[in-house]
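Working notes, structure below.
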Amino acid sequence: MRFLYYLVFGLFFCSFWACDAPLSLSIAEAKQRAQKEFRLKDTLGIGIKQVMQDSEHHWLVAYNKVHKLPAVYLFRSENAREHSHHISLRHKQKAKITELHFEDVTYDGNLELLVYLHYDFDLSYQGKELVIFRYPFDTLRQEEIFSFPLQQQWEHVDSFDQKYGLPLHERRIDYLVTPEFFEGNILLRGTIEGRQNHLLEFSWDKGIEEFKKVLDEDVHEEEEEAHKGGVVGKLKGAKRLFEVVAHEEGCKAYIIEDIAGHVIKMPKNIHDALLCSPITSLSNDGHYLLYMDHPHNQFRLYDFNADKQQVLLPQLSTLEGLSTVIWRKKNGRLSCLFVAVNFEEYSQKTALYFCEEQKEGPWRIQVFDLPIYYECNHEGECAPLKDYHFKLGPRKNFLYRRSKNDDWQLFSLDKN
């Protein structure tokens, strides 16, 4: 009799408490449920990403890795009984989702969902698109707030080889874009509407709650190419900077030519300094020359138009390496920056040097200790690579990586 009593009580307890307790959802179960939603034969075409919304809410996010109408399903991993949250992309063409990221793109403390779509039509067309959803965990509030093509590439047979009759393909690229995100801003850099080296910036407007375009410009950055066995920069203000054979071991020597190929005469001390200058760079307009007076370990700036010299740093420590110099002109004011590596004297082993033209008087130079990733070559020279490890962002923002595959870190030059 007592056994029967405990049995009845146990069934009663189970019906009201234990049997109603939420069950956790495994990755395999989430894949099976997504398989039914996508109507696929197996789970091989299903991708799963685990996301922690906060300390209490964990999600399993399923998406299609195969070419079909794209969609995203979110499952609460702590409650298998809860229905999935469906994010539809039915207004898009058939595509496979290659990546999913959750990031606070709007910089408001909430995670947005970033979906990367790949439209694959063999050789005829290759396309990629970025789509951003706000409030992805809330079925009532979720909405698409941004989309942009990252790649649009067409290819067709233009003609045939006369010798073997093989098809010759013609390729057209309208978009080939790399996106970056920081503090409510989206940077899009690359080929945009057929224009190479183009830059767009969108900024989140909290008032109207949408991304507004705040920057649309071509990017003109320093380029280098092989020439005369050395290095030549592109034409800058009717001047070209050439690297020539240095007579001293471990030195880099330079000359400057005009557009006709004649060597420009320089003040003797600058001419001598350029025979062994570890860092040498012309501004994009050819107005200024940044160089190093190696015997005195000084950074100097020469103004061609005014024929004036300025010492930027009176005494420079021993260095393991120097990066490429980046120049920029913004609001009529010229600036440049570079990164130096010093294992012994810099607290972070690397330092950012930022030089800026002033309305009146000499240029100002600032030095910031920042942990910037760098690489060393077989000769022992160490330096970070421009565009890979550091670069300039808009609005006087410096972007850098702490490790090779790290996300971009932002350092504001305006606030320092």
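Bear in mind these aren't lab numbers, they're just calculated from the coordinates by the rules spelled out. This is a predicted model, so every value here is computed, not measured. Cβ atoms come from the backbone with ideal geometry, glycine included; neighbour counts cover every protein chain shown.
Just flag the trypsin sites (Lys or Arg not before Pro) in segment 265-329 sitting in loop per DSSP whose Cβ has no more than 12 other Cβ atoms within 10 Å.
Numbers: sites: K265, K268, R300, K308, R328, K329; in loops: K265.
When the trypsin sites (Lys or Arg not before Pro) of segment 265-329 are filtered for loop state and at most 12 Cβ neighbours within 10 Å, K265 remain.
Would you please classify the overall shape of segment 319-416 from the alpha carbon gyration tensor, given that a ≥ b ≥ c denote the square roots of the eigenvalues, rounded means a/c under 1.5, and beyond that prolate means a/b larger than b/c while oblate covers the rest? Each step should come with its number before you reach the end.
Values: a/c = 1.99, a/b = 1.57, b/c = 1.26.
In terms of gyration-tensor shape, prolate.
With the crude spin-label approximation of a point 7 Å out along Cα→Cβ, what separation in nm comes out for D369 versus V263?
A separation of 4.3 nm, rounded to one decimal place.
In debye, nearest 20: dipole of segment 27-218 around its Cα centre with unit charges on the Cβ of K, R (+) and D, E (-)?
Working: 25 positive and 33 negative charges, 220 e Å.
Approximately 1060 debye in magnitude.
Under the rule a/c < 1.5 gives rounded, and otherwise a/b versus b/c splits prolate from oblate, where does segment 270-369 land using the Cα gyration tensor? Provide the component values of the computation, followed by the final result.
Details: a/c = 1.88, a/b = 1.31, b/c = 1.44.
Taking the square roots of the gyration eigenvalues as a ≥ b ≥ c, segment 270-369 is oblate.
Segment 325-377: which chymotrypsin sites (Phe, Trp or Tyr not before Pro) are DSSP loop and have at most 13 other beta-carbon atoms within 10 angstrom? The partial results should precede the final answer.
Numbers: sites: W327, F338, F343, Y346, Y353, F354, W363, F368, Y373, Y374; in loops: F343, Y346, W363, Y373, Y374.
Qualifying residues, ordered by number: F343.
Of the listed pairs K36/K96; K239/K349; K252/K386; K236/K330, which have alpha-carbon separations greater than 25 Å here?
Numbers: K36/K96 17 Å; K239/K349 35 Å; K252/K386 19 Å; K236/K330 17 Å.
Where the Cα-Cα span goes over 25 Å, the pairs concerned are K239/K349.
According to the square roots a ≥ b ≥ c of the eigenvalues of the Cα gyration tensor, what is the shape class of segment 27-218, taking rounded for a/c under 1.5, prolate for a/b larger than b/c otherwise, and oblate for the remainder? Can you show the working numbers first?
Working: a/c = 3.13, a/b = 1.33, b/c = 2.35.
Oblate.
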